[in-house]
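Okay, so here's the structure we're looking at.
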Amino acid sequence: MATTGVINGTKFAVYAGGTKIAYATSASISMNHNLRDTSTKDSSGWRDQLEGQRDWEVSVEGMLIFEESGGAIAGLTMDELYTSYIATRTVFELKFSTEVSGDYKWTGNAFLTSLSADTPNEDSSTWSASFSGTGALTQATV
């Protein structure tokens, strides 16, 4: 049954190549419609625009963990994202979803375009990643 009311952000996850990204603390998706300028000298100083290309991006932040104490990590970690997608320059399927039946999910092919770590003194180490879509983003229900 689809989620009702205001959705708790904890329900959303990002999946790269079919595997959930581990220890995420936040995620966002951005869908853009870039317009093209069609202004002329007859536009009276006002910009005229028409439709243009669309693009989409996903970003995720998480806790930096290399190895779980007492067992394997269920999901992709920063080091696995690096070796799977930055080092290989591989395009892969990316999904942004709650995985709750009836909710919306967004899926498309993407590249991992940015991966960074933040390691403050006497605080939790975190990482962040940005993904850029290549081709169409599909909206469907889970």
Practice problem: Go through the stretch 1-13 and give me each residue that's of a type in the set (Val, Ile, Thr) and open to solvent by less than 90 Å² (accessible area, probe 1.4 Å). | Solution: THR3, ILE7
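Quickly run through the stretch 72-109 and pick out the residues that are within 26 Å of ALA140 (Cα to Cα) and of a type in the set (Ser, Thr, Tyr).
TYR85, THR90, SER97, THR98, SER101, TYR104, THR107 - these are the residues of the stretch 72-109 that are within 26 Å of ALA140 (Cα to Cα) and of a type in the set (Ser, Thr, Tyr).
Output the strands (runs of 3 or more DSSP E) that fall wholly within the stretch 57-142 and possess 1 or more residues being open to solvent by 50 Å² or more (accessible area, probe 1.4 Å), or say none.
By residue number, 92-97, 104-118, 138-141.
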Quiz item: Between residues in the stretch 22-34 that are at positive phi and residues that are open to solvent by less than 50 Å² (accessible area, probe 1.4 Å) and not small (Gly, Ala, Ser), which pairs lie under 7 Å by C-beta distance while being six or more apart or on different chains?
Solution: TYR23/ILE65
Practice problem: Output the number of residues of the stretch 14-43 satisfying the condition of being more than 17 Å from THR126 (Cα to Cα), outside any loop (DSSP other than H, G, I, E, B) and open to solvent by less than 80 Å² (accessible area, probe 1.4 Å). | Solution: 7
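The values are calculated or read from the model by the stated rules, or taken from the named source; none is laboratory data. What you see is a predicted model; the values in this text were computed from it and never measured. We place every Cβ from the backbone using ideal geometry, glycine too, and count neighbours over all the protein chains shown. Heads up: the accessible areas ignore ligands, DNA and RNA and are worked out on the full protein's heavy atoms, side chains in. Shrake-Rupley method; radii C 1.70, N 1.55, O 1.52, S 1.80 Å.
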